[in-house]
Amino acid sequence: MEQYSSKVMEHFAHPHNVGEIPDADGVGTVGNPVCGDVMRLYIKVDKEVITDAKFKTFGCGAAIATSSMVTDLVKGKTVGEALKISNAAVAEALGGLPKVKMHCSVLAEEALKSALDDYYKKKGVPSPVKIPESSGHEHEME
Amino acid sequence: MRNVYLDHAATTPAHPKVVEAMLPYFTDKFGNPSNLHDIGREAKNAIDDARAKTAALIGAKPEEIFFTSSGAESNNLALKGLAQANRQKGTNIIVSQIEHFSVLHAAKTLEKSGFTVTYLPVDKQGLVDPADVARAITRDTVLVSIMHANNEIGTIEPIEEISAITREKGVLFHTDAVATTGWIPVDVKALGVDALSLSGHQFYGPKGAAALFVRKGVRIKPQIEGGIQEDGRRAGTENVPALVGLGKASEIAAADIPRRLSSVAALRDRLQKGLVERIDHLVINGHPSRRLPNHLNVSLWYVEGESMLLFLNMEGISVSSGSACTSRSLKASHVLTCIGTDAAVANGTLLMTLGMGNTAEDIDYVIEKLPPIVQRLREMSPLYEDMIKKEKAG
């Protein structure tokens with residue numbers, strides 16, 4: 001396997017925003033323990049601005065690092081801006097990911113989308129979030 | 001910082017005496033064993049000596065040892081070579097589902113050329129039932145291949161019982177003894193096998209030197225052709241220094257196995273006890289007693305293996321993980337799946353394999369460092385959070 005970048009290792013060893021937000025305005029859980037990663041992302045929103053984000057993740061080094069990075073990236077952004085954060089942006093902010101670990105950045109994007117979707121639903125407004133039909137990643141062949 | 005290497009199933013360091021024995025064969029004694037002049041003969045004598053020592057370690061005759069480059073090559077040669085050379089006797093092969101991929105993939109290749117393969121299941125402790133082997137053998141069966149011990153969970157298979165069955169039915173029997181040779185007694189006569197794979201770097205020899213034992217009189221088709229080396233069964237100029245190293249490692253192991261068995265097993269038991277006492281929701285994989293003396297394979301619920309491995313590495317501790325995330329296929333270990341480990345739990349698996357260099361202080365250091373890592377990762381885990389909430393809800 002390719003090695004992790006120093007940025008990934010930094011976020012893995014000292015992840016930012018670990019924890020729960022008990023009165024979160026949006027919560028999203030994605031992934032599958034069978035595949036080795038589950039992410040739960042909490043957001044707190046005030047006047048359309050994400051004031052806080054926290055996560056809990058079961059997963060490998062890349063899964064923890066992408067969770068840490070995506071929660072960093074959304075803080076201070078409006079929900080509209082957060083919707084535009086892509087997996088590529090998360091991976092890029094971490095100085096890249098090994099090819100076999102790109103699915104972790106996809107999972108981070110999905111966790112964020114899922115939390116935003118929950119936020120809109122809780123607010124009672126139509127959700128503009130498009131959740132991909134099959135969440136998670138395809139298994140490669142051996 | 002302390003450095004604790006607990007990944008001896010991946011590879012071992014070469015013994016200093018092994019390196020010492022090898023060195024002259026890179027420079028002064030550089031000859032090609034196929035040449036008749038003195039320089040060539042010197043190299044030929046060296047590999048003859050290595051062959052005799054390797055044979056002595058497993059109770060074989062020197063002419064029954066064929067040198068290869070790796071355990072994977074030995075397994076490929078055994079499966080394909082024995083099946084192809086004895087095809088007129090039948091085209092069915094029997095293997096266990098927990099074999100190393102070098103056996104499983106060789107079997108898959110044979111399936112593409114008209115062989116049928118029967119894959120035998122194992123029980124929750126990883127044991128093959130000899131009665132299953134007896135039932136699976138048909139008039140068309142030509143070869144059975146069951147590993148001596150599993151390289152991941154360490155379970156030692158009932159090879160003697162299986163060989164009694166294959167002998168009675170007149171079927172060839174190969175065993176992959178890469179995980180056992182040099183660690184526990186391996187005797188081809190006692191095991192009753194027709195072919196056996198071993199690899200030098202698994203027991204303090206160099207990488208690139210391995211062997212396949214083939215009982216005298218058993219036909220095998222070469223997989224690398226074009227030379228007279230290894231009695232025509234494996235072409236290519238011999239890796240003389242590495243083979244000298246394999247011979248030396250075999251000689252050392254033959255004298256050292258009783259000590260390896262007792263001292264390493266005591267440390268392994270200390271590690272197991274220490275971890276079981278300090279970490280809840282922990283499962284020991286493999287057989288409780290029929291297990292390699294240096295193996296400890298544990299699944300820890302609600303945490304993922306690679307993240308544990310990386311944190312242990314930061315503390316100077318080297319282990320392996322059975323998690324999906326470290327494999328290209330993103331699938332958990334096929335061995336854990338076969339013994340019925342829940343796929344999610346399998347992802348939280350660590351394989352710790354001890355060696356002669358480990359001390360009680362090393363083990364106590366691991367017992368001290370692992371529990372807080374597990375705790376930290378569990379506090380980060382949504383699965384652990386869900387479990388705690390469920391427990392509270394009663």
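What follows draws every value from the coordinates through simple rules; no lab data is involved. Small disclaimer: the values here were computed from a predicted structure and weren't measured. Glycine also receives a Cβ, built like all others from the backbone with ideal geometry; neighbour counts cover every protein chain displayed.
Please give the average number of partner chain Cβ atoms lying within 10 Å of the Cβ of each residue in A:29-35, rounded to a whole number.
Going residue by residue through A:29-35 and averaging, the value is 5.
Considering only Cα-Cα distances, which of the following residue pairs are longer than 20 Å: B:124/B:392; B:124/B:169; B:189/B:216; A:54/A:99; A:44/A:122?
B:124/B:392; B:124/B:169; A:54/A:99, as the Cα separations exceed 20 Å there.
Taking each residue of A:57-69 in turn, how many C-beta atoms of other protein chains fall within 10 Å of its C-beta, and what is the average?
Averaged over the peptide's residues, the number is 5.
Restricting things to alpha carbons, find the Rg to Rh ratio for the protein assembly as shown using the Kirkwood radius for Rh.
Rg/Rh for the protein assembly as shown comes to 1.05.
Would you mind calculating the relative contact order of segment A:37-95 from Cα pairs under 8 angstrom and at least 6 residues apart, reporting the percent as a whole number?
It rounds to 31 percent for segment A:37-95.
If I take all pairs of Cα atoms in segment B:1-127, what percentage of them are more than 18 Å from each other?
71 percent
In sequence order, what are the phi-derived ³J(HN,Hα) couplings for segment B:215-225 according to the Karplus relation 6.51 cos²θ - 1.76 cosθ + 1.60 with θ = phi - 60°, rounded to whole Hz, with x for glycine and proline?
Listing the rounded values in order: 4, 4, x, 8, 7, 9, 8, x, 9, 10, 10 Hz.
Fewest first, what order do A:58, B:66, B:30 take by the number of other Cβ atoms within 10 Å?
Ascending Cβ contact count within 10 Å gives the list B:30, B:66, A:58.
So between residue B:123 and residue B:87, what do we pick up on full extension, going 0.36 nm a residue minus the alpha carbon distance?
9.9 nm
Using the alpha-carbon centroid of each, what span in Å lies between segment B:120-193 and segment A:23-57?
50 Å
What does the average come to when, for each residue of peptide B:380-391, you count the partner chain Cβ atoms lying within 10 Å of its Cβ?
Mean number of neighbouring Cβ atoms from other chains: 4.
Rounded to the nearest 20 debye, what is the charge dipole size of the protein assembly as shown about its Cα centre when +1 sits on each Lys and Arg Cβ and -1 on each Asp and Glu Cβ?
680 debye
How far apart, in nm, are two points set 7 Å out from the Cα along the Cα-to-Cβ line at residue B:364 and at residue B:393?
With each label point 7 Å from Cα toward Cβ, the separation is 4.5 nm.
Would you work out the relative contact order for chain B, in percent, from Cα pairs under 8 angstrom that are 6 or more residues apart?
22 percent
Given the Cα-Cα distance of residue B:314 and residue B:356 and 0.36 nm per residue of separation, how much length would full extension add, in nm?
12.8 nm
Report the charge-dipole magnitude of segment B:118-244 in Debye, nearest 20, computed about the Cα centre from +1 at each Lys and Arg Cβ and -1 at each Asp and Glu Cβ.
340 debye
Using 29 Å as the Cα-Cα cut-off, could you pick out the over-long pairs in B:112/B:221; B:44/B:221; A:56/B:369; B:112/B:331; A:101/B:273?
From the list (B:112/B:221; B:44/B:221; A:56/B:369; B:112/B:331; A:101/B:273), the Cα-Cα distance tops 29 Å for A:101/B:273.
In Å and whole numbers, how far do the C-alpha atoms of segment B:69-176 stretch along each principal axis, longest first?
Over segment B:69-176, Cα extents along the principal axes are 35, 33, 20 Å.
Where Lys and Arg each count +1 and Asp and Glu each count -1, what net charge lies around residue B:222 among other residues with Cβ under 13 Å from its Cβ?
Local charge sum for residue B:222: +1.
Using only the Cα atoms of chain B, what semi-axes does the equivalent ellipsoid have when each is the square root of 5 times a gyration tensor eigenvalue? Give whole Å, largest first.
Each semi-axis is √(5λ); the values are 38, 27, 17 Å.
Using the 10 angstrom Cβ neighbour count as an exposure proxy, how do B:300, B:261 rank, fewest first?
Ascending number of Cβ neighbours within 10 Å: B:261, B:300.
Identify, among B:239, B:200, B:115, the residue whose Cα sits farthest towards the positive end of the charge dipole of chain B, taking +1 on the Cβ of Lys and Arg and -1 on the Cβ of Asp and Glu, with the dipole about the Cα centre.
B:115
Give the cross-link partners of residue B:29 among the aspartates and glutamates, using a straight C-alpha distance below 18 Å as the criterion and excluding same-chain residues fewer than 8 apart.
Answer for residue B:29, where 18 Å is the Cα cut-off: B:20, B:38, B:42, B:48, B:49, B:238, listed by chain and number.
Convert each backbone phi in segment A:16-30 into a coupling constant with the Karplus relation 6.51 cos²θ - 1.76 cosθ + 1.60 (shift: θ = phi - 60°), then list the ³J(HN,Hα) values in order as whole Hz, x for Gly and Pro.
8, 6, 6, x, 10, 10, x, 10, 4, 8, x, 9, x, 10, 9
Relative contact order (percent) for segment B:62-131, with alpha-carbon contacts under 8 angstrom and 6 or more residues of separation?
30 percent
Using θ = phi - 60° and the Karplus relation 6.51 cos²θ - 1.76 cosθ + 1.60, list the HN-Hα couplings for segment B:137-148 in order, rounded to whole Hz, with x at every Gly or Pro.
Along segment B:137-148, the couplings run 5, 10, 5, 8, 6, 10, 8, 10, 10, 10, 5, 5 Hz.
Quick one: if the Förster radius is 35 Å, what FRET efficiency do residue B:164 and residue B:224 give, using the C-beta to C-beta distance and rounding to 0.05?
Working from the Cβ atoms, E equals 0.55.
Just to be sure I understand the model, the point goes 7 Å from the Cα along the line to the Cβ. What's the resulting residue B:41 to residue A:125 distance in nm?
Reported label-point gap for residue B:41 and residue A:125 is 9.4 nm.
What nm distance separates the two modelled labels at residue B:187 and residue B:3, each placed 7 Å from Cα along Cα→Cβ?
Here the modelled spin labels are 3.9 nm apart.
State to the nearest 20 debye the size of the charge dipole of chain B about its Cα centre, where the only charges are +1 on K and R beta carbons and -1 on D and E beta carbons.
It comes to approximately 700 debye.
Sort B:285-293, A:64-72, B:210-218 by the packing proxy (mean of other Cβ within 10 Å over each peptide's residues), most packed first.
Top of the packing list down: A:64-72, B:210-218, B:285-293.
Against the globular-protein guess of 2.2 N^0.38 Å, express the Cα radius of gyration of segment A:1-111 as a ratio, rounded to two decimals.
Working it through for segment A:1-111, the quotient is 0.99.
Which value does Rg/Rh take for segment B:193-248 over its C-alpha atoms, Rh per Kirkwood?
So for segment B:193-248, dividing Rg by the Kirkwood Rh gives 0.98.
Provide B:110, B:309 in ascending order of the number of other Cβ atoms located within 10 Å of each residue's Cβ, fewest first.
Fewest-to-most Cβ neighbours within 10 Å comes out as B:110, B:309.
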